[in-house]
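Comments concern the structure below.
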Amino acid sequence: MTNYIWQNIFRNSSKERGLQSKLKTNFLFQDLSFAEIAMLEKIVNVRNYRPGEIIFRQGEVGVGMYIIAKGLVNIYVEEIVPASGELKTTHVTQLRKSDFFGDLALVENNGRRSASALAHEETTLIGFFKPDLLEITNRRPSAGVKILLRLGEVLGARLKETTNKITEMKKSALADSSTTVDDELT
Amino acid sequence: MNHLSTETPSQRAVVHEHRVKMLFFCTTLVLLFLVVTQVHNMFVSFLMSFVTYYLLAPAVDYMERWGLSRLIATLVPFAVLTGTIVTLLALFFPDLLAQSRAMQTNAPKYHEAFITMVKHFEEQLSGTFGPIDLQHKINTQVDSFSTSFFEGAPQYISNSFTVLLLTPFFSFFMLLRGRHFMRTLLSMVPNSYFELALNLNYQIGSQMGGFIRARLIESIIVGALLWTGLEMMDFQYGIVLALFAAVMNIIPYLGPIIGAVPALIIALSNGGDGNQMIEITILFTAVQVIDAAILVPFLVAKIVDLHPVTVVLAILIGGQMMGIVGMIICIPVISALKVTFVALYKHFTDFRT
């Protein structure tokens with residue numbers, strides 16, 4: 001099954017900007033004032049990845065999210081096929097500049113990554129982690145609340161999106177099974 | 001094709017880059033460790049700076065919430081702390097000095113009384129268990145301690161002066177630029193360990209902060225209670241004995257006993273009908289009951305979740321390696337090691353979700 005939680009539904013078509021403007025246009029930080037963004041700029045972590053480099057692996061403990069400042073990121077899910085016992089890797093989605101991923105780790109306690117992320121090309125990521133969020137909440141509680149509200153919105157929207165997809169799938173599965181029963185009856 | 005395990009030229013470059021970054025990161029850590037442990041007075045200065053840092057950090061963050069710059073937010077609590085220390089010194093230092101001098105003058109008397117007490121104790125034990133040379137052993141220990149203490153006194157004073165100068169300097173910059181320094185250090189960590197390192201840094205930092213603040217507040221309250229009790233009893237050297245007991249109280253289990261020993265020796269040497277000895281025992285026991293029943297559950301418990309056997313082992317190892325300082329710092333060090341091992345274990349054991 002496709003892992004819809006990794007699809008970006010907050011994609012923003014922005015052009016090349018500095019770190020501050022990249023942060024300002026991100027869905028999570030768009031309510032922050034310029035002073036708060038300036039503080040955030042000194043807290044976030046900019047990391048560079050080579051093509052094929054693993055950003056994180058499925059099953060690892062995750063502590064935060066990444067915003068793509070440059071490049072492309074592939075999301076994969078690894079699962080063991082019950083019949084053969086082999087490890088199957090499924091490409092879930094490709095994320096591009098301004099997308100963000102891994103945000104669930106910001107609210108989980110020692111939560112493990114539900115997918116793996118790999119850099120597709122030379123990629124620059126802005127890492128925003130739980131210690132960073134706690135630092136902001138501690139130093140500027142109002143900024144922390146703004147981020148947390150947006151984060152709640154993101155997680156809520158992801159949940160709604162996933163629920164809708166599951167409902168659609170169940171409906172189609174039900175329709176298929178009723179068609180089969182009708183066919184058998186006729 | 002398995003995208004997560006295929007070795008490409010780019011991935012070989014990644015591995016090379018990781019190794020180089022890891023080498024630089026580890027070298028920096030080793031160099032920092034060597035500077036802190038090998039340069040004269042640096043270790044104690046750093047230790048005191050960390051205590052000051054963790055004590056003031058919440059106040060600095062609180063001031064920053066009011067829109068003050070980090071510099072001003074650091075300067076204000078620093079000024080308040082300096083003012084408090086200067087006021088306390090102005091109020092109590094003359095008494096502390098007078099009591100220390102009187103104690104030093106009477107030291108031979110206390111030594112003699114202590115030896116007499118040990119002799120009595122030894123005679124009683126010898127009657128039951130056969131000949132024991134307790135007196136000679138203790139005498140040698142006390143003599144060597146007194147000689148090294150008094151011979152090394154000028155060196156201690158000189159060291160204390162250096163530490164007193166270095167501590168505010170280090171702690172000020174830790175508060176002002178500590179985060180920037182840690183970010184620079186963490187930026188050297190290879191990508192695959194970055195989240196782990198960042199999380200470890202945060203977990204150890206918050207646990208240390210909580211532990212140091214809790215232990216400091218606990219010791220201040222214990223010291224204040226003992227001082228009040230000793231003053232009420234009109235017992236000599238109240239400030240010195242309470243201060244010593246408060247510092248020793250940081251060491252779990254053994255600290256309170258070590259802290260009570262000088263007061264008990266003085267009470268013994270004072271002679272009398274033994275009432276003073278009983279009063280001192282009751283006072284120290286009562287303060288320890290308050291500490292164990294009220295202070296520890298509210299302040300310290302749950303901050304460092306260590307098994308009592310681990311704590312005792314850590315104290316013994318710390319004491320053997322670095323004496324009293326080792327006994328005091330062993331608990332935060334062992335809890336930091338525990339956090340590190342738990343995080344590393346979680347990181348390297350791959351559980352598929």
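Any read-out appearing in this document is the output of simple, stated calculations on the displayed coordinates, not a laboratory observation. Note that the coordinates shown come from a computational prediction; the quantities given were computed from them, not determined experimentally. Here the Cβ positions follow ideal geometry from the backbone for every residue, glycine too, while neighbour counts run over all protein chains shown.
Details
- Dipole moment magnitude, nearest 20 debye, the stretch A:67-186 about Cα centre, only Lys, Arg, Asp, Glu C-beta charged: 840
- Least to most buried among B:234, B:95, B:61 (fewest other Cβ within 10 Å first): B:234, B:95, B:61
- Calculated [θ] (222 nm, deg cm²/dmol) that DSSP helices of n ≥ 4 give over chain B, each run adding -39,500 (n - 2.57): -30000 deg cm²/dmol
- Column: log10 I(q)/I(0), Debye, Cα scatterers of the protein assembly as shown, q = 0.05, 0.06, 0.10, 0.11 Å⁻¹: -0.32, -0.45, -0.95, -1.07
- Only Lys, Arg (+1) and Asp, Glu (-1) charged, at Cβ; the protein assembly as shown dipole about Cα centre in debye: 1840
- Longest site-free stretch - chain B; sites: trypsin sites (Lys or Arg not before Pro), DSSP loop, at most 15 other Cβ within 10 Å: B:1-301
- With 0.36 nm allotted per residue and the present C-alpha distance subtracted, the residue B:159-residue B:16 stretch has 47.0 nm of extension available.
- Which listed pairs, of A:24/A:97; A:24/A:70; A:42/A:130; A:130/B:338; A:22/A:42; A:97/A:146, have C-alpha distances above 18 Å, in listed order: A:130/B:338; A:97/A:146
- In this label model, residue A:173 and residue B:312 are separated by 5.7 nm, measuring between points 7 Å along each Cα→Cβ vector.
- Ordered from longest to shortest, the equivalent ellipsoid semi-axes for the stretch B:287-346 are 22, 18, 8 Å, each the square root of 5 times a Cα gyration tensor eigenvalue.
- Calculated P(r) tail over 25 Å for chain B, as whole % of Cα pairs: 65
- Note on residue B:109 and residue B:337: with the Förster distance fixed at 56 Å, the Cβ-Cβ geometry gives a FRET efficiency of about 0.80.
- Share of pairwise Cα separations in the stretch A:72-186, more than 25 Å, in percent: 47
- For the stretch B:185-282, the relative contact order works out to 16 percent when only alpha carbon pairs closer than 8 Å and six or more residues apart are counted.
- Helix B:134-151 axis, angle to chain B major axis (alpha carbon atoms, nearest 10°): 70
- Over chain A: helical MRE at 222 nm, DSSP H runs n ≥ 4 each giving -39500 (n - 2.57), nearest 500: -12500 deg cm²/dmol
- Nearest-0.05 FRET efficiency for residue A:31 and residue B:86, computed from C-beta distance (R0 41 Å): 0.35
- Proportion of all alpha-carbon pairs of the stretch A:27-117 beyond 20 Å (%): 46
- With kT/(6 pi eta Rh) evaluated at 37 °C and eta = 0.692 mPa s, and Rh the Kirkwood radius from Cα pairs, the stretch B:169-289 diffuses with a coefficient of 190 µm²/s according to Stokes-Einstein.
- Each listed q (0.21, 0.23 Å⁻¹) maps to a log10 I(q)/I(0) for the stretch B:1-108, found by the Debye formula over equal Cα scatterers with no solvent: -1.09, -1.15.
- In chain A, Cα pairs under 8 Å separated by at least six residues give a relative contact order of 28 percent.
- The GluC sites (Glu not before Pro) of the stretch A:100-183 that DSSP puts in a loop, and whose beta carbon has at most 16 other beta carbons within 10 Å, are A:108, A:121, A:122.
- Using alpha-carbon coordinates, inclination of helix B:254-269 to the longest axis of chain B, degrees: 20
- Take every Cα pair under 8 Å whose residues are at least 6 apart in sequence, average their separation, divide by the length of chain B, and the relative contact order is 20 percent.
- Loop-resident chymotrypsin sites (Phe, Trp or Tyr not before Pro) (DSSP state other than H, G, I, E or B) in the stretch B:214-288 with no more than 15 further Cβ atoms inside 10 Å of their Cβ: B:253.
- Within the listed set B:266, B:220, B:85, the residue fluctuating most in the Gaussian network model of chain B (springs between alpha-carbon atoms under 10 angstrom) is B:85.
- Förster radius 35 Å - calculated FRET efficiency between residue A:81 and residue A:163, Cβ distance, rounded to 0.05: 0.85
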